[in-house]
Amino acid sequence: MVAVRNLLAESDQGALETAALAEFYVGRELPREALEVLSNRPSEWPAGEVRERLERVRDVARLLGRQPVDVSSPLLMDAADCARPDLPLWRGLQAAVQGNATMLAQIAPRIRAALREVPAELRLAFVGILADAVDEDAESMRTLLGALRGPGGAITQPRPDQLAARALLLARLARTEGNRAEELQQLEAAVAQGGHSLPALQARIRLAALQFGRPGTEGRQAELTLLDASRTYRFDSLGEEAAVLYAQRLLERGDAASALAVADGASQAALRPSTESRGARLAAQALRLLLVDAKGMALPPPGERLALFWQYEGYATPGERGDDIRQGMVRLLLSEGLSDAALDVARQLTPATLQQPAGALLVARAEALAQEGDARRAMALLRSLPPSPEMHRAASVALARLGQPREAAQELSGLDVLADRQRRAGLLFQAQAWSEAASAYAELLRDPTLESAVRTEATHRLAAAAALAGGKPDVPADLLAADPGIKALLQLSGNAQASPRGVTGARAAIARSREVEKLLSATGSN
């Protein structure tokens with residue numbers, strides 16, 4: 001290195017000497033130093049091969065430092081006259097630092113072939129970057145790590161950090177394959193061989209995650225290790241790793257509130273600024289467990305779940321990807337009777353979600369129930385949906401708000417749930433459809449599960465509706481309350497006959513109406 005630096009100094013920072021020193025740093029896995037050397041160059045590099053060499057080493061240093069390169073980089077360009085065997089490697093590294101695991105998995109076999117031509121030290125570093133992007137993909141991980149086992153894969157005189165890094169990668173492969181014993185063995189090897197290097201510290205953190213939850217001192221010490229690392233290295237990738245593992249274990253234990261707090265801290269340490277942090281993804285996972293699918297986990301009370309969402313709602317992924325969390329929140333708010341708050345969240349759903357029946361129905365329910373909601377918008381959304389009990393219930397609420405109680409009652413026809421039948425009868429009574437209301441209340445009174453207070457009110461309303469309709473209710477006498485006022489109303493309705501026409505009929509109708517009003521007042525009917 002001294003000789004190369006001397007050449008650079010003696011040449012007054014010549015382009016070839018700058019490229020040579022930057023390449024030296026890259027070969028020793030020192031991307032920051034390489035980029036620093038290149039940043040000291042004049043504003044314009046010479047044209048031709050020298051310029052391309054400088055651009056290539058600059059972009060290799062960027063990828064090695066987990067920074068994406070420009071799409072016009074010479075590393076990513078196809079050769080005009082022949083196929084470039086190294087091209088899959090650079091495109092794979094670009095995909096890795098951008099978090100594009102799908103593309104990386106597709107070209108993993110070609111990346112492995114290209115890695116055979118890379119020096120062993122850089123090969124290990126590149127595989128580490130690639131493995132981070134396919135952490136949950138066992139097949140891609142196995143393909144990429146195969147490059148470390150082939151010809152030239154072993155480093156001649158490995159440093160402690162390189163020994164630990166290799167063992168840590170093999171431990172990750174064992175984890176994705178579900179081989180807990182192999183994972184434990186490789187992690188212990190990384191700790192034993194790595195000294196105080198970063199890979200050794202990462203191995204210690206993963207060991208603590210495996211020991212988390214064990215009874216006695218071992219489990220408590222493991223939890224303290226994760227907690228201490230998440231705080232000590234809070235704004236570093238190592239702290240992110242510890243916090244993510246700690247939050248995952250807390251989620252597995254069912255402590256979603258603590259997991260969200262830890263994930264919130266982890267989100268502040270972004271390993272790759274161009275991608276969403278793992279802490280943020282984990283916080284979104286915790287919100288999904290709380291609001292979408294608990295996966296068997298015992299959930300905290302609704303009030304606590306509402307508070308956790310409002311505290312951490314920023315982690316509900318923006319756009320369509322996070323709409324499942326927001327829909328879960330809307331459902332919870334509606335179930336708790338907080339319809340105006342539900343409407344605020346529902347109006348944040350994306351147009352793509354509104355095109356789905358479930359999303360449209362949820363928004364329509366919120367619009368119909370909320371005081372600030374738009375009943376007409378609710379009906380417009382509902383008209384495009386297939387019939388279902390929830391669709392009819394939402395339409396009933398919207399129509400009632402639009403001043404159409406009879407049409408609202410019709411939406412509930414055929415629904416067998418007791419609450420729906422009660423509401424339908426009440427809407428018919430409100431619409432002054434006395435004959436239909438009387439029949440609805442008569443049918444309601446046949447239900448043996450009807451509560452006493454509801455039965456009393458239904459009896460009063462049945463008698464009133466029947467009297468006003470001028471007909472006798474079709475209900476067994478033993479189901480009706482033994483109340484003199486009610487019996488009088490029933491008698492009145494039962495004795496009702498067709499009124500004569502003209503002045504005589506009008507006088508009879510007025511007299512009968514006054515008698516009904518008097519009886520209704522005496523019985524306390526609405």
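With a sphere of radius 14 Å drawn around the Cβ of GLN162, what net charge do the other residues whose Cβ falls strictly inside it have (Lys, Arg +1; Asp, Glu -1)?
+1
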Size of electric dipole in region 129-285: Cβ of Lys, Arg +1 and of Asp, Glu -1, about Cα centre, debye, nearest 20: 240
Shape category assigned to region 102-180 from the gyration tensor of Cα positions, a/c cut at 1.5: oblate
Net lengthening on full extension, ASP374/ARG347 (0.36 nm per residue, minus Cα-Cα): 8.6 nm
Three-way shape call for region 179-275 based on the alpha-carbon gyration tensor, with the a/c threshold at 1.5: oblate
Overall form of region 319-402 per C-alpha gyration tensor (a/c, 1.5; a/b vs b/c): oblate
Cβ-defined net charge surrounding PRO88, 15 Å radius [Lys, Arg +1; Asp, Glu -1]: +3
Contact order relative to length of region 319-402, as percent, for alpha carbon pairs under 8 angstrom and 6 or more apart: 25
Cβ crowding within 10 Å averaged over residues, with 204-210, 137-143, 157-163 ranked highest first: 204-210, 137-143, 157-163
ILE155, ILE325 arranged by Cβ crowding within 10 Å, fewest neighbours leading: ILE155, ILE325
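Only the coordinates and a few stated rules stand behind these numbers; no lab work does. All values derive from a computational prediction rather than experimental measurement. Reconstructed Cβ throughout: ideal geometry from the backbone, glycine too, with neighbour counts over all protein chains shown.
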